Amino acid sequence: MIPTSARSMLAALLCALALGHALPARAAEPAPVEWSTLSPQQHELLKKYEGQWSQLPPERQAALARGSQRYLGMNPQQREASKQRFDQWRALPPAQRDQMRDRWQKFKSLPPEDQARVRENFRRFNQLPAEQRERLRDRWRKMTPEQREHLRDRVREHHARGGARGI
């Protein structure tokens, strides 16, 4: 059984994939982040990376710098929730983590308006009763690839006509 937060992440990513938009080319790689530009608090959080920082890919440096800054801005409850999510992430099998990373990259490469639509659909999905969410997940799992593509086509057509609600 997948932990609830991981299922939520998967549901959001499935919503993104249900849009089925062609993905634009990947953005240019970010510039390296110099260790010296990080705050003392970031240094403390990222100290295990200090010796290898310059060998990390710029994309990884940027992600660590952003993540540490975001963490420093959290209150204690948010930090605890973040730690729990991270522990659940680490407990996932590597193949599942890889799949989720791939889906996240696909989501991040969607145009902003499509990302906003996915987020709104995810918000609405999470507001459904738990039983209804589980029925929808089960229905998705039972679909063939062709049925899933047909649903994606219907969603695309619906949004092209300016539809604001799901199908």
Exercise. What nm distance separates the two modelled labels at Ala63 and Asp138, each placed 7 Å from Cα along Cα→Cβ?
Worked result: 3.5
Exercise. According to a simple spin-label model (label point 7 Å from Cα along Cα-to-Cβ), what is the distance in nm between Arg124 and Glu29?
Worked result: 4.0
Problem set entry | Stretchable slack from Thr37 to Ser82, in nm (0.36 nm times residue separation minus alpha-carbon distance) | 13.7 nm
Exercise. Along the positive direction of the dipole of the stretch 93-160 (beta-carbon charges: Lys, Arg +1; Asp, Glu -1; about the Cα centre), which of Ala95, Gln147, Phe107 reaches farthest?
Worked result: Ala95
For this session: Using label points projected 7 Å from each Cα along Cα→Cβ, tell me how many nm separate Gln105 and Glu157, to one decimal.
Result: 3.3
Exercise. How far, in nm, would the chain grow between Gln55 and Glu113 when pulled straight, counting 0.36 nm per residue and subtracting the alpha carbon separation?
Worked result: 17.4 nm
Problem set entry | Proximal charge balance of Gln147 [Cβ under 14 Å; K/R count +1, D/E count -1] | +2
Seminar exercise, completed: Links exceeding 25 Å between C-alpha atoms in this model, out of Lys83/Lys108; Lys47/Lys83; Lys48/Lys83; Lys108/Lys142, come to Lys108/Lys142
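Where a number appears in this text, it was derived from the coordinates with a stated rule and is not lab data. Values in this document were obtained by computation on a predicted structure and should not be read as measured data. Here Cβ is always computed from backbone atoms with ideal geometry, including for glycine, and neighbour counts include all displayed protein chains.
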